[in-house]
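What follows is one structure encoded as structure tokens, with my remarks underneath.
The values are calculated or read from the model by the stated rules, or taken from the named source; none is laboratory data. None of the values given here were measured: they were computed from a predicted structure. Neighbour counts are summed over all protein chains in view; Cβ atoms, including those assigned to glycine, are modelled from backbone coordinates with ideal geometry.
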Amino acid sequence: MKIQFLGAARTVTGSCYAVEACGKRFFVDCGMHQGNKAIEERNRNVRPYQPGNVDFVLVTHAHIDHSGLLPMLVKEGFQNPVYCTRATAELLDIMLQDSAHIQEMEARNAARKYERRGLGTPPAPLYTLEDAQKASKLLRPVDYHAAFEPAPGIRAVYYEAGHILGSGTIRLEVIEDGKTTSIIFSGDIGRPKALIIRDPEIPPHADYVFMESTYGDRDHKNEATSIDELAQAIDWSYSHREKVIIPAFAVERTQEILYCLHTLAAQGKLPDDMPVFVDSPLAIRATEIFSRSRDLFDAKTAETLAKGDDVFALPNLRYTLSTQESQALNALSGPAIVISASGMCNAGRIKHHLRHNIWKPGASIVFVGYQAVGTPGRKIVEKAKKITLFGEDVDIAARIFTINGFSAHAGQTQLLEWLKPLVGGGTKVVLVHGEASAQDTLAALIKERYAITPIVPDYLEEVTVEGETVRETVMHEKEARPAIDWKFLSEEVERKWAKFQEKLANIDSRPWEQQTDIEDALAKMEFYLTRLISRM
């Protein structure tokens, strides 16, 4: 059996593991890479995916970093089954179409910029709405705990992952040459006793455990503290008559924030005259799916709902579906809470709300989820002084709150406890879906506590296993991280700077108006050079 890591290896986004077994090639997840320009370019590199050579896909849950390249596969010729839980299938139907809408919208914006600048052919959308709709038709819903065979010799079972609605941990049994190899793909592991959904389950023992490690280097604050911090953000902006902006993933996080606001309202900590806006059509549709999926809720939430108390409802809650309604929020005076996507601030309506509010000292920006490297959200939580929005550098003067207690991911201690029943008997642990620092910390703890040295694969790495034995490991370092020719770039800068200095010798002979234009251009170059140095 061969496994190649096409994403979420030494990083968090782009989850995709290509497995070759029993004469088949299949994926566990097919997620979108999210981050800076270089990371997101991986989404357009079709070659490692070989879409025409994929027999089926097993999806752990609906988050775009685990599912967002399914329409790309379809665009490139994939037409085979995609297995997932029933709730995941419902969510994917709306989430993939929303992602496609963003791809098309960004392509249109890029086309206008190219046209204004007289440039050549602009990049096409990664995929279209039609591709997303075709992908939805390939979904094959399965029940938790119900074994199924996507191919002869391959048996799969989904267990509750406790991460988002419908999320699953997958246990595979692969029979080759009379030998059975068992593998657990954890997907994203949720926090025990989280809001709304059930706790994560631990599958039966397996030979290999592919475990996420997002928060392998730290634990979360508790739920009560997180709600108190949210109340502080609300109080801060309400007292300054400004807005609370909450970048939130449309699925699970938005619903949890509504749950917490419902709790604060019951405690008298949400001002009666402070409206709450859910400004994400996707979040609105996802909340509808949540409302009809009560069988997947934990006992506490189910009991509350049974009493007729809708945890997703507020007296001052308003939904904004249209673009015009969303834009009107930016002209709204007075305090308000705006929950909008995307959760990492790299697309969608949230960027507009940041543009209109992040420079105001009385405003609050509340982060309630993981921020991937290279995303605008990550730069803000790491205390950047400015952020670039729609080509404009905007000062960050708002008060920034980072509330990790809302995370849908297990913290360090919870990951170790989840793993504990699975170790022993030669089990090998493979750490995925985590940044290097988090993985290194967690790997050291696993070695210390369980006497297991985890495998920590890199992007595009291939591992061949035979039963419980790892036979071969192949790296693709040059393709994974192409070398940057710093010598060429720096010499080009020096060459052009020397040419500028030559021309500068005669600058005083030019008309004063031309001199001021050159002065302005040089000042801009100095600003960007200063910013570059500060980032280094």
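Which of the numbered conditions does TYR238 fail, given that it passes all the others? Conditions: (1) closer than 26 Å to ILE94 by Cα; (2) over 22 Å from the mean Cα position of the chain (by Cα).
Result: TYR238 passes all but (1).
Search the stretch 485-497 for residues that are without any contact (Cβ under 8 Å) to a residue 60 or more places away in the chain and over 19 Å from LEU522 (Cα atoms) and pair each with any residue that is among the charged types (D, E, K, R) and assigned to a loop (DSSP other than H, G, I, E, B) when their beta-carbon atoms are under 9 Å apart and the residues are at least 6 apart or on different chains.
If the second residue must be among the charged types (D, E, K, R) and assigned to a loop (DSSP other than H, G, I, E, B), no pairs are left.
Take the conditions surrounded by 15 or more Cβ atoms within 10 Å (Cβ to Cβ) and assigned by TED's automatic domain parsing to the domain that holds GLU76 and apply them to ALA100. Does it pass?
yes
Criterion first (surrounded by 18 or more Cβ atoms within 10 Å (Cβ to Cβ), in contact with an Asp or Glu (Cβ under 8 Å, 6 or more places away or on another chain) and in the same structural domain as ALA331 (by TED's automatic domain parsing)) does PRO281 satisfy it?
For PRO281, the condition - surrounded by 18 or more Cβ atoms within 10 Å (Cβ to Cβ), in contact with an Asp or Glu (Cβ under 8 Å, 6 or more places away or on another chain) and in the same structural domain as ALA331 (by TED's automatic domain parsing) - is met.
Any chance you could count how many residues in the stretch 475-524 are β-branched (Val, Ile, Thr) and under 30 Å from GLU461 (Cβ atoms)?
Going through the stretch 475-524 one residue at a time, the tally reaches 1.
Of everything in the stretch 133-172 that's surrounded by 21 or more Cβ atoms within 10 Å (Cβ to Cβ) and among the polar types (S, T, N, Q), which residue is farthest from SER291 (Cα to Cα)?
THR169
Restricting the stretch 384-409 to residues that are charged (D, E, K, R) and over 27 Å from GLN255 (Cα atoms), which is surrounded by the fewest Cβ atoms within 10 Å (Cβ to Cβ)?
If we take residues in the stretch 384-409 being charged (D, E, K, R) and over 27 Å from GLN255 (Cα atoms), then GLU392 is surrounded by the fewest Cβ atoms within 10 Å (Cβ to Cβ).
Only one of these is closer than 30 Å to GLY178 by Cα and under 23 Å from the mean Cα position of the chain (by Cα): LEU460, LEU415. Name it.
Being closer than 30 Å to GLY178 by Cα and under 23 Å from the mean Cα position of the chain (by Cα) holds for just one of LEU460, LEU415, which is LEU460.
Answer with yes or no whether PRO203 is in a loop (DSSP other than H, G, I, E, B), assigned by TED's automatic domain parsing to the domain that holds ALA436, over 20 Å from HIS63 (Cα atoms) and modelled with pLDDT of 90 or more.
yes
On the given criteria, is GLY348 touching a residue at least 12 places away in the same chain (Cβ under 8 Å), more than 16 Å from LEU261 (Cβ to Cβ) and not β-branched (Val, Ile, Thr)?
yes
Which of the residues spanning the stretch 374-392 are out of contact with any strand residue (DSSP E or B) (no Cβ under 8 Å at 6 or more places or on another chain) and in a loop (DSSP other than H, G, I, E, B)?
GLY374, THR375, GLU382, ALA384, PHE390, GLY391
Can you name every residue in the stretch 18-69 that is crowded, with 17+ Cβ neighbours inside 10 Å and either β-branched (Val, Ile, Thr) or not assigned by TED's automatic domain parsing to the domain that holds SER167 (or both)?
VAL19, VAL28, ILE39, VAL54, VAL57, VAL59, THR60, ILE64, listed by residue number.
This table checks each residue for (1) under 30 Å from ARG108 (Cα atoms); (2) exposed (fewer than 13 other Cβ atoms within 10 Å of the Cβ); (3) out of contact with any His (no Cβ under 7 Å at 6 or more places or on another chain).
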| position | (1), (2), (3) |
| --- | --- |
| ALA286 | yes, no, yes |
| GLU303 | no, yes, yes |
| PRO315 | no, yes, yes |
| LEU321 | yes, no, yes |
| LYS360 | no, no, yes |
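Could you tell me which numbered condition ILE446 fails, if it satisfies all but one of (1) within 33 Å of the chain's Cα centre (by Cα); (2) at pLDDT below 90; (3) part of a helix (DSSP H, G or I)?
(2)
Could you look through the stretch 241-284, keep only residues that are of a type in the set (Lys, Arg) and more than 19 Å from the chain's Cα centre (by Cα), and pick out the one that is nearest to LEU321 (Cα to Cα)?
Here the answer is LYS243.
Let me spell it out: the conditions are (1) touching a Lys or Arg at 6+ places or on another chain (Cβ under 6 Å); (2) β-branched (Val, Ile, Thr); (3) modelled with pLDDT under 95, and THR121 meets all of them except one. Which number is the exception?
Every condition holds for THR121 apart from (1).
Could you please find all residues in the stretch 279-331 being in contact (Cβ under 8 Å) with a residue 60 or more places away in the chain and outside any helix (DSSP H, G or I)?
The answer is ASP279, SER280, SER293, PHE297, ASP298, VAL311.
Residue by residue, here is whether (1) modelled with pLDDT of 95 or more; (2) more than 30 Å from LEU529 (Cα to Cα) holds:
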site	(1), (2)
GLN414	yes, yes
LYS420	yes, yes
GLY426	no, yes
HIS433	yes, yes
ASP458	yes, yes
ARG481	no, no
VAL493	no, no
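Could you list, in sequence order, the residues of the stretch 504-536 that are basic (Lys, Arg) and either surrounded by 11 or more Cβ atoms within 10 Å (Cβ to Cβ) or in contact (Cβ under 8 Å) with a residue 60 or more places away in the chain (or both)?
ARG510, ARG531
Pairs please, first residue from the stretch 388-412 and over 13 Å from GLY362 (Cα atoms), second anywhere and part of a loop (DSSP other than H, G, I, E, B) and among the polar types (S, T, N, Q), Cβ atoms under 8 Å, 6+ apart in sequence or on different chains.
GLY405/ASN222; HIS409/THR214
Within the stretch 210-229, how many residues turn out to be crowded, with 20+ Cβ neighbours inside 10 Å and under 22 Å from the mean Cα position of the chain (by Cα)?
Of the residues in the stretch 210-229, 9 are crowded, with 20+ Cβ neighbours inside 10 Å and under 22 Å from the mean Cα position of the chain (by Cα).
Please go through the stretch 123-159 and give me each residue that is more than 18 Å from VAL19 (Cβ to Cβ) and acidic (Asp, Glu), ordered by number.
Within the stretch 123-159, GLU130, ASP131, ASP143 qualify.
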